[in-house]
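To start, the structure itself, in structure tokens.
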Amino acid sequence: MSGKTGFKTFAGGIHPPYNKELASGKAIRACPIPPEVYIPLSQHIGAPNEALVAAGDRVELGQRIGSSDAFVSAPVHSSVAGTVKEVAEITGFTGAKVKCVVITPDADQPEFAKQQGKDLEAYSDEEIRAIAREAGLVGMGGAAFPTHVKLAPPKDKPVDTVIINACECEPFLTCDHRLMLERPADLVAGLKLLMKAVGARDGIIGIEANKMDAVEEMRKAASGADGIKVEVLDVKYPEGAEKMLIFALTGRKVPPGKLPSEVGCLVQNVGTAVALYEAAAWGKPLYERVVTVTGDGISEPGNLLVRIGTPIQALIDACGGFKGDLAKIVMGGPMTGWAQPDAKAPVVKGTSGVLALTADVVDVAEEHECVRCAKCVDVCPMFLQPNFIVQAVKREEWDKAEMWGALDCFECGCCSFTCPAYIPHVTYVRKAKADIGALKRK
Amino acid sequence: MAGELLTNVSPHLHKKDETIARAMKDVLIALAPAAIWALVVFGFNVVLILAVSCIAAAIAEVVMRKIMGRKITLKDYSAMVTAVLFAFLLPPTTPLWVVAIGSFIAIAVFKELFGGLGKNVVNPAITARLLLWITPLSVYTTKFVRPFYWKDSGFFTPIATSFSKGVTTFQTLAGNSVDVVAAATPMSLLKSGRWGVDVITGPTPIGATWTNSAGRPTLGSLFLGLKSGCIGEVSVLLLLLGGLYLIWRGTIDWRIPTGIIGSFLLLNLIFWNQPLYNLFAGGLFLGAFFMATDWVTSPVTRRGKWIYAVGIGLTVFLIRLLHYRPEGVAIAIFMWNFGTLLIDRYIAQPKFGEVGVGVFNKLPILPEPAPAPAKKEA
């Protein structure tokens with residue numbers, strides 16, 4: 001379907017203030033290496049990794065330091081050359097304790113030794129999956145699902161379309177935008193690898209209309225490529241949600257509880273595609289990523305190439321530190337990210353942004369009784385009834401919470417954004433998911 | 001870093017100015033033109049009635065909330081909206097003490113006793129108005145004056161309906177009787193089948209007569225608001241403008257007024273029951289844009305809103321077809337407030353990508369008893 005602007009889109013959704021201009025014009029630059037990196041052993045959805053190193057060990061840049069035999073897992077690699085100080089429990093960005101390898105980097109850091117002369121065309125689908133796994137690739141938009149698992153869809157559900165999610169519909173974030181401007185050819189090469197891995201005929205790069213410069217760059221880079229096209233999407237949140245994006249671009253609807261392969265689609269993030277290219281062409285594992293450091297509480301917002309495990313304080317220091325009446329630090333985007341109690345949590349593979357928001361931007365108020373205005377129902381892109389989910393959770397009626405759609409919610413936050421009663425729907429949905437899950441396991 | 005950082009769950013942004021108070025203020029703004037027009041047509045009475053209604057509502061809210069140990073929420077303006085809407089449903093000569101009783105009941109009983117804004121089942125303003133109608137107080141709320149009656153008695157000489165020995169008359173607040181002719185409303189004209197010139201005559205201040213040669217109010221005068229009736233329902237044009245403002249602001253859903261007015265007009269066209277006259281005559285626009293769209297008492301899904309709206313349109317049509325009642329719109333909305341409970345519970349809304357979903361939610365026909373409060377783990 002088409003939106004008001006004539007570009008492709010979905011039904012529902014919201015128009016938050018985007019504030020992209022804070023960082024969209026800033027070229028990607030390297031973030032200085034901190035005195036210590038804290039690399040969480042498990043940065044993906046799936047089976048946890050075991051540490052392969054111990055205190056006192058010497059590690060090289062890109063050396064594998066954690067892995068698991070389970071299929072749904074992704075290894076982690078050292079983001080620096082240095083010495084392992086310890087393997088310890090550190091508070092991660094979600095507030096839960098995570099096992100981290102703490103490494104003291106050497107004073108002199110080597111350049112990554114790129115492998116030369118790889119023929120990307122020559123890789124088989126099996127080899128591409130192996131490369132993705134070997135490099136520890138996960139979805140870099142935030143979900144952090146292991147990429148090689150996504151690249152192995154069920155045999156009876158052939159994938160014909162690979163979609164690059166270049167919407168970057170979260171306000172403030174600009175890291176994917178910068179990657180498209182600065183490395184369009186690498187993104188196209190990554191998309192080709194993804195298409196080959198699943199045997200897809202079509203590749204679509206979906207970009208929101210607020211990044212027309214990126215659309216132009218990508219169209220140039222993709223002009224000679226077979227089956228690849230660049231599509232412009234309406235500027236609306238959550239345009240980049242997997243199911244919404246597939247619907248906007250192909251008209252196909254992924255049924256509730258199903259994966260995109262159900263309708264022959266695979267969706268990958270810009271960063272993931274570029275990382276796959278780096279892994280296939282250079283043999284480079286995923287040990288660094290682009291992070292947007294922005295918000296009205298940051299002195300000099302920018303886009304940094306950050307080693308995994310860098311505490312967010314180091315990123316903020318690299319951007320001139322805080323300014324103004326700081327009210328909130330968020331890891332990720334402002335709609336789905338995690339508020340931090342301090343600036344100590346380390347950057348992981350799924351970290352797309354670090355935001356510092358002042359009291360002017362953060363709007364908190366006491367939760368009022370639901371006034372049934374139905375704005376949450378109107379904006380919900382999944383056509384759920386968030387107000388009734390909240391009601392059911394308050395009454396602990398789990399079967400009803402499920403009927404109103406608690407398990408189908410992907411926590412985009414449109415409901416709370418637009419709620420005049422300031423109800424934190426996502427909090428209730430998470431409670432419903434946890435408790436319904438616990439009941440089902442019984 | 002100054003002080004503690006906030007660590008609540010996402011999202012971390014909230015839509016600017018999207019608050020309950022903002023929405024309620026919007027409704028008051030949207031009602032303002034109709035209120036000002038009522039003042040022009042019916043004189044200073046209107047100001048007194050609105051003021052008394054608001055004060056009584058505020059007192060009711062504060063008293064009830066204090067008794068129940070809840071936070072005072074006058075700041076959200078919801079009591080003011082109810083008070084103004086309640087006043088809009090009254091004839092311009094309703095005695096002030098009747099206004100005060102009605103407005104107090106609207107808030108104290110039909111809003112706060114149910115648990116306050118968000119928990120009330122029925123629209124407080126409408127229900128209080130219907131309550132007055134079925135009590136002996138109804139004698140004070142059935143007399144109407146013709147527009148611009150105050151040209152004879154004076155703009156700042158408020159008059160009120162008075163009742164004694166089975167006869168209603170108009171008196172000034174000081175108790176002197178006034179010689180004001182009671183007028184038929186367009187609705188009572190429809191009811192009686194009389195279209196006589198005798199009940200409604202006289203030129204407007206701008207000189208134009210507001211009846212046509214057959215003695216009926218012209219459609220234009222009905223639409224613009226040169227007619228007798230309740231305070232708020234006089235000018236269809238101004239109510240429409242206010243309603244469109246609310247839709248533009250996103251405060252009310254366009255489906256509800258569209259469904260009500262659309263289905264009502266369609267049915268009247270099919271049965272050829274004075275379609276346009278019926279449309280502009282009574283409180284249909286006030287009800288469709290400002291009463292039926294009440295957040296709390298209307299369904300939440302798009303599908304549910306259509307059912308609710310068409311249901312109201314059909315009900316008003318039936319009431320007017322069978323027996324003209326000035327309260328027709330209020331009765332219909334009141335009925336469908338209960339319909340909302342059923343619609344929200346049983347009418348299914350398919351999720352994104354869900355196919356083969358029936359019209360109804362799979363729920364037991366009768367609600368199970370409310371679960372016992374969760375026991376605190378020892």
Original post:
GNM, chain A, Cα, under 10 Å: largest mean-square fluctuation among A:GLY353, A:GLY46, A:GLY142?
Top reply: A:GLY46
Subject >> Ranked order, A:LEU193, B:LEU244 - accessible area, probe 1.4 Å, largest first >> reply: B:LEU244, A:LEU193
Original post:
What is the local net charge at A:MET244, summed over the other residues whose Cβ is closer than 11 Å to its Cβ (Lys, Arg +1; Asp, Glu -1)?
Top reply: +1
**OP:** Skip the ligands, DNA and RNA, and give the accessible area per residue of the protein assembly as shown with a 1.4 Å probe, whole Å².
**Re:** 40 Å²
**OP:** Report the antiparallel proportion of the DSSP beta bridges in the protein assembly as shown as a percent, rounded to a multiple of 5.
**Re:** 65 percent
Subject >> Helix B:96-107 vs. chain B, principal-axis angle (Cα, 0 to 90°, nearest 10) >> reply: 20 degrees
**OP:** Please give the solvent-accessible surface of A:CYS419 in Å², to the nearest 10, using a probe radius of 1.4 Å with every protein chain present.
**Re:** 10 Å²
**OP:** Report, to the nearest 10°, how far helix B:45-68 tilts away from the longest principal axis of the Cα atoms in chain B, using its own Cα long axis and a range of 0 to 90°.
**Re:** 30 degrees
**OP:** Exposed loop GluC sites (Glu not before Pro) only (DSSP loop, at most 11 other Cβ atoms within 10 Å): please give the longest stretch of chain B free of them, not including the sites.
**Re:** B:5-376
Original post:
At B:ILE67 and B:LEU241, where each label point lies 7 Å from the Cα along Cα→Cβ, what is the point-to-point distance in nanometres?
Top reply: 4.1 nm
Subject >> Most fluctuating residue given options A:ILE128, A:ILE423, A:ILE164, as computed from a GNM of chain A linking Cα atoms under 10 Å >> reply: A:ILE423
**OP:** Give the distance, in whole Å, between the Cα centre of segment A:136-207 and the Cα centre of segment B:122-154.
**Re:** 67 Å
**OP:** Provide the net charge surrounding A:VAL138, with neighbours chosen by a C-beta distance below 12 Å and charges set as Lys +1, Arg +1, Asp -1, Glu -1.
**Re:** +4
Subject >> Length-normalised contact order of chain A in % [C-alpha pairs under 8 Å, at least 6 apart] >> reply: 19 percent
Original post:
How large, in percent, is the carbon and sulfur part of the accessible surface of chain A at a probe radius of 1.4 Å?
Top reply: 53 percent
Original post:
Cα centroids of segment A:237-305 and segment B:328-365: how far apart, whole angstrom?
Top reply: 38 Å
**OP:** Could you compute the FRET efficiency for A:LYS157 and A:ASP213, with r as their C-beta to C-beta distance and R0 at 41 Å, rounded to 0.05?
**Re:** 0.70
**OP:** Sum -39500 (n - 2.57) across every DSSP H segment of at least 4 residues in chain A, then divide by the residue count to get the 222 nm mean residue ellipticity, nearest 500.
**Re:** -7500 deg cm²/dmol
**OP:** Could you calculate, for segment A:375-441, the ratio of the Cα radius of gyration to the Kirkwood radius, expressed as Rg to Rh?
**Re:** 0.94
Subject >> GNM flexibility winner over chain B from B:LEU74, B:LEU363, B:LEU239 (Cα, springs under 10 Å) >> reply: B:LEU363
Original post:
Can you give the convex hull volume per residue for the Cα atoms of segment A:271-334, as a whole number of Å³?
Top reply: 84 Å³
Original post:
For the residue pair A:LYS220 and B:ILE36, what label-to-label distance in nm results when each label sits 7 Å from Cα along the Cα-to-beta-carbon direction?
Top reply: 5.7 nm
Subject >> Cα-based shape type of chain A, given that a ≥ b ≥ c are square roots of the gyration tensor eigenvalues and the cut on a/c is 1.5 >> reply: rounded
**OP:** Would you mind getting me the FRET efficiency between A:SER124 and A:LYS229? Use the beta-carbon distance for r and R0 = 22 Å, nearest 0.05.
**Re:** 0.30
Subject >> Positive-end extreme of charge dipole, segment A:375-441 - chosen from A:VAL393, A:THR418, A:VAL377 (charges on Cβ) >> reply: A:VAL393
Original post:
Going by a ≥ b ≥ c, the root eigenvalues of the Cα gyration tensor, does segment A:156-256 fall in the rounded group (a/c under 1.5), the prolate group (a/b larger than b/c) or the oblate group?
Top reply: oblate
Original post:
For a paramagnetic label modelled at 7 Å from the Cα of A:GLU369 toward its Cβ, which residues of segment B:32-73 fall within the zone defined by backbone nitrogen distances under 13 Å?
Top reply: B:61, B:64-66, B:68-73
**OP:** Mind ranking B:HIS12, A:HIS368 by accessible surface for me, highest first, 1.4 Å probe?
**Re:** A:HIS368, B:HIS12
Original post:
In whole angstrom, how far apart do the alpha carbon centroids of segment A:371-406 and segment B:271-311 sit?
Top reply: 26 Å
Original post:
Got a sec? What order do A:LYS4, B:LYS119 fall in by accessible area at 1.4 Å, biggest, i.e. largest, first?
Top reply: A:LYS4, B:LYS119
**OP:** Over both sides of the B-A contact, add up the buried accessible area with a 1.4 Å probe and give it to the nearest 100 Å².
**Re:** 4900 Å²
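The values are calculated or read from the model by the stated rules, or taken from the named source; none is laboratory data. Since we're looking at a predicted model, the values are computed, not measured. Please note: Cβ atoms are built from the backbone with ideal geometry, for glycine as well, and neighbour counts cover all protein chains shown. These accessible areas exclude ligands, DNA and RNA; they are computed on the full protein's heavy atoms, side chains included. Shrake-Rupley method; radii C 1.70, N 1.55, O 1.52, S 1.80 Å.
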